[in-house]
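One structure is given here, and the rest of the page talks about it.
Quick note: the coordinates plus some simple rules give every number you see, no bench work behind them. Values in this document were obtained by computation on a predicted structure and should not be read as measured data. Every residue, glycine as well, gets a Cβ built from its backbone with ideal geometry; the counts of neighbours run over all protein chains shown.
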Amino acid sequence: MATSCGFESHRPHHSYTTTKGCLLVSVARICNLKVDSNVTNKARPMASADQLKALIKAYSQGDDAQFHSIAMQIAAGEARVGHGKLAEELRELIDKSRVRLPSAGPSPIPMARPRGEIADLLTVTYPHIHLQDLVLNSKTRKTLDRVIREHKTIRDIRAHGLAPRKKLLLVGPPGTGKTMTASAIAGELSLPLFVVRLDRLITRFMGETATKLRLIFDAISQTRAVYLFDEFDSIGSERGLGNDVGEIRRIVNSFLQMVEQDASDSLIIAATNHPAILDRALFRRFDDIVQYSLPSTNEIQTTLKFKLAGAKTSTKVNLVKLSALAKGLSYADVTRATGDALKHALIEGRALTHADLLSSIAERKAALLHRNSKR
Ligand SMILES: Nc1ncnc2c1ncn2[C@@H]1O[C@H](COP(=O)(O)OP(=O)(O)OP(=O)(O)O)[C@@H](O)[C@H]1O
Ligand SMILES: [Mg+2]
C-alpha cells in the first residue's frame, strides 16, 4: 500500500489483506464462471477480463481506492443482471476488506519499504534480536527496559495524555553495542529499523540536508518504527563538511526543531562515538543519554560464554584467563576473535581449544595496538 510519505507497506499476515485476497478469489471465480458459461446466456456474470486484470494490478500495487472501485463495479454489474445474492456477497467482502486494524500499540506494524527519494536516505531491516542478546551493565539495561516497557504500553500511556520516552542518544566507543541496541529495541517491539547514515546524507546532499531531514521526519511521523541516526556526530562536526559552518548550523537547527516538533510513536535513536563534538543543545532534546563502554573482564567472560554457546569446546578452555588477556578489546573485537577461533577449529574438524581462542584474542590485541599507535 502506498502512503504519502513514500513508503510501501505490505501486510503479509494481515487480516485486511486476507479479506482482500478473498475478494480477489471471489472475483476470479466469477470470471471463471463467465468463461465456462454459455455465451448465449444473457444473465451471465459481468466481470470482464479487463476488470480482472485491473483488479489484480490494483491489488499488487496496493492501490486500495482503485481496488475497491473496481470491486464495486463488478458487484454492481452482478446486481444489474439479477445476481442479487452474489452482488450482496461481494459487497459484504468489500466492506470487510475496508476494515483495518488500529495501527497504534505494540502489535507488529506493516512491513515497510522506503521508495522514491526517501529510499536514498534510509535503509530498512526487520531485526529479530532481543535485549537479552546483549551484554549490558545493569544501569543501561534498566534504562532500555523502561523504554521498551513504555512502548509496549503506549496505548494506555497515550490515553492518559502522556508520552513514552522515545528519543535516545547512545554514546560510547566503537563495537560496544549501540547499533545492536537499536536492533534489539526494534526486535523487542516488532518494529522495522530504519538506519539514517547522517555522514553520507550530509556529504551527498550538501546544501540540501535540511530538506532531506524534513523527508526523514515526515517518514518518522507516518511510519511507526525505530529510526537510528548513526554517526550522529556528523551533524556536530566540521569534518566532511568543507568547513561550511553555516551549513552545519542550519542542519543542527533543523534537527533541533524537527525533533522538538515530533509527536509520533516512532523511536528516534542517535548513536555517536564522539559526544564531545556534539552541540550541547542537541543533548537536551533526548529523553535518555545511554552510556556504553568497553567491557570489564567479567563482561568479556559473559560475552565469551554467549558467543561460545552451542560450540564444541575442549574442556580445557579457561575463560577467566582469556578474559583477562582480552581486556581492552571491545565487544565487537571479542565477538570477532571468538568467530575466528571457531572457524579455525571447524576447518580442522575438531573441538575448539583454549589455544585457538588465545591466538585469535592475541591477534585482535595486536590489531588494537596497531590502531592506537596510528592515532
Ligand atoms: N554489548 C554487547 N553485547 C554483545 N555483543 C555485542 C555488544 N556490543 C557489540 N557486540 C557485538 O559486536 C557487533 C558490533 O556491535 P555494534 O555494531 O552494535 O557496535 P557499535 O557500538 O554500534 O559500534 P560503532 O560505534 O562502530 O558503530 C555486534 O553485532 C555484536 O556481535
Ligand atoms: Mg554502530
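Each peptide in 226-235, 136-145, 311-320 gets a packing score, the mean of other Cβ atoms within 10 Å over its residues, and the list from highest to lowest is 226-235, 136-145, 311-320.
FRET efficiency for the Lys57 to Asp145 pair, using the beta carbon distance and R₀ = 51 Å, is estimated at 0.65.
Here r is the Cβ-Cβ distance between Thr123 and His274 and R0 is 22 Å; the resulting FRET efficiency, rounded to 0.05, is 0.50.
Distance between the modelled labels on His370 and Thr153, one decimal in nanometres: 5.1 nm (7 Å Cα→Cβ projection). In order along the range 185-190, the Karplus-derived 3J(HN,Hα) couplings, from 6.51 cos²θ - 1.76 cosθ + 1.60 at θ = phi - 60°, round to 5, 4, x, 4, 9, 6 Hz, and Gly and Pro are given as x. Given a Förster distance of 22 Å, report the FRET efficiency between Leu346 and Phe306 from their Cβ-Cβ distance, rounded to the nearest 0.05. With a Förster radius of 22 Å, E is 0.75. Size check on the range 278-375: the Cα extents along the three principal axes, sorted descending, read 56, 32, 23 Å. A simple packing score, the average count of other Cβ atoms within 10 Å per residue, orders the peptides 349-359, 210-220, 157-167 as 210-220, 349-359, 157-167, with the highest score first.
Length gained on full extension, Ser138 to Phe283, computed as 0.36 nm times the residue gap minus the Cα-Cα distance: 50.0 nm.
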